[in-house]
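Presented below is the structure to which this report refers.
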Amino acid sequence: MNQAQPKSASQLRRLSRQLIRQLGLLDAACGNQPLSPVQAHALIELGESTYAIKQLAILLNIDKSNASRAVSHLVDKGFATTQANPRDNRSLVVQISAKGKKQLLKLNQQQNQQFSDILAQLPKEHISDLEISLARYNKAVMHSKCQQGYKVRSISKQDNAQIAQVIRQVSAEYGLTADKGYGVADKTLDSLSEVYQHDNAHYWIIERDGKVLGGAGIAPLAGQTGICELQKMYFASELRGKGFARRLALEAIAFAQAQQYSACYLETTANLIEAIKLYESLGFTHLDAPLGNTGHDACEITMLKSLAPS
């Protein structure tokens, strides 16, 4: 784990707490509106569509009982109505009422004014940066929730057979067969823990309930001094879309920087469209020719990221 993270996490927690308090999200009412923050969020969603209470709970990222209480309060205030769910008579469907639409208009006017006043304190370029950063932060929060229950750790000898099987399965899925010069053909595939045991190399495993589901590694690039290579990044289908590729790539880059590598190299193939987009977003740039001597002559896409201090 990146040693800078505990301090950064503590600072981010502090800033998040301050933001929540400043925006009044701990107050009993949402500004001067007759709504709690949870009720206000529920009313905003109901202004977009009709939902079953379970669906509303998922949208608001709260438990069903909390969503049910919020809906009950909205109904009591005349801001929403409920009826039996035509698809499931054991549940209710919630919709905004005419009175609720008027209340939503007041709520939006209040909130728009509040955020306009906030943005008036910032230059335009800072507003743009803030939007980008908040979008990234929001995505990171969602991914961290998706990753709960999984464990990221260093590889051990007991993982060798399982991670080799994952690499073979994923390679077959994308048509990266051993006879075409891809990493799945490496003779060391069944003994990765030994390959990455040196101080200047590392391999991370993702597992759940004792089952290895993916991994990625970093090691010196053969034939190049001071450059490392991002290697053997493979994930079973269960892991995809949960942000693990970015997480492990960032972990590997942080490790490489700590080892004082000057750059990080990788090879991939056009089949892996999502992976290429990820690498580009992390600052890897395309090369015209391969570096070093990886032995993977079928990987037609080569990329490099400078690790020099900015």
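The values are calculated or read from the model by the stated rules, or taken from the named source; none is laboratory data. What you see is a predicted model; the values in this text were computed from it and never measured. Positions of Cβ are generated from backbone atoms using ideal geometry, with glycine treated the same way; all protein chains shown enter the neighbour counts.
State all residues of segment 239-261 that are on the phi > 0 side of the Ramachandran plot and surrounded by fewer than 16 Cβ atoms within 10 Å (Cβ to Cβ); if no residue qualifies, say none. 241, 260, listed by residue number.
Checked against (1) under 18 Å from residue 186 (Cα atoms); (2) in contact with a helix residue (DSSP H, G or I) (Cβ under 7 Å, 6 or more places away or on another chain); (3) at pLDDT below 95, residue 267 passes all but a single condition, namely (2).
Which residues, counting only those in segment 262-299, are in a loop (DSSP other than H, G, I, E, B), exposed (fewer than 11 other Cβ atoms within 10 Å of the Cβ) and free of Cβ contacts under 8 Å to residues at least 40 places away in the same chain? Before you say what the answer is, go through the steps one by one.
Step one: of segment 262-299, the residues in a loop (DSSP other than H, G, I, E, B) are 262, 269-272, 282-284, 287-299.
Still in the running and exposed (fewer than 11 other Cβ atoms within 10 Å of the Cβ): 270, 288-289, 293.
Listed by number, the residues that qualify are 270, 288, 289.
Taking the listed residues 267, 300, 280, the one that is farther than 18 Å from residue 214 by Cβ, touching a Pro at 6+ places or on another chain (Cβ under 8 Å) and either assigned by TED's automatic domain parsing to the domain that holds residue 226 or of a type in the set (Val, Ile, Thr) (or both) is 267, with no other qualifying.
Taking residues in segment 102-127 that are assigned by TED's automatic domain parsing to the domain that holds residue 32, and partners anywhere that are in a loop (DSSP other than H, G, I, E, B) and surrounded by 13 or more Cβ atoms within 10 Å (Cβ to Cβ), the pairs with Cβ atoms closer than 6 Å and at least 6 places apart or on different chains are 103/79; 104/47; 107/33; 110/31.
Here is a check on your reading of the model: is residue 26 surrounded by 15 or more Cβ atoms within 10 Å (Cβ to Cβ) and under 24 Å from residue 106 (Cα atoms)? Answer is no for this residue.
Comparison of 17, 21 shows that the only residue that is modelled with pLDDT of 90 or more, under 24 Å from the mean Cα position of the chain (by Cα), more than 30 Å from residue 218 (Cα to Cα) and not assigned by TED's automatic domain parsing to the domain that holds residue 218 is 17. Candidates 67, 57: the one that is touching a residue at least 24 places away in the same chain (Cβ under 8 Å), part of a helix (DSSP H, G or I) and buried (at least 17 other Cβ atoms within 10 Å of the Cβ) is 67.
When 106, 145 are screened for being surrounded by 13 or more Cβ atoms within 10 Å (Cβ to Cβ), farther than 15 Å from residue 51 by Cα and either in contact with a helix residue (DSSP H, G or I) (Cβ under 9 Å, 6 or more places away or on another chain) or not polar (S, T, N, Q) (or both), only 106 passes. Scanning segment 210-236 for residues that are surrounded by fewer than 14 Cβ atoms within 10 Å (Cβ to Cβ) and either touching a residue at least 60 places away in the same chain (Cβ under 8 Å) or among the hydrophobic types (A, V, I, L, M, F, W, C) (or both) returns 222, 223. Checked against (1) touching a residue at least 40 places away in the same chain (Cβ under 8 Å); (2) within 24 Å of residue 264 (Cα to Cα); (3) assigned to a helix (DSSP H, G or I), residue 159 passes all but condition (2).
For every residue, the table says whether it meets (1) at pLDDT 95 or above; (2) under 23 Å from residue 137 (Cβ atoms); (3) assigned to a strand (DSSP E or B).
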| residue | (1), (2), (3) |
| --- | --- |
| 28 | no, no, no |
| 35 | yes, no, no |
| 43 | yes, no, no |
| 72 | yes, no, no |
| 92 | no, no, yes |
| 108 | yes, no, no |
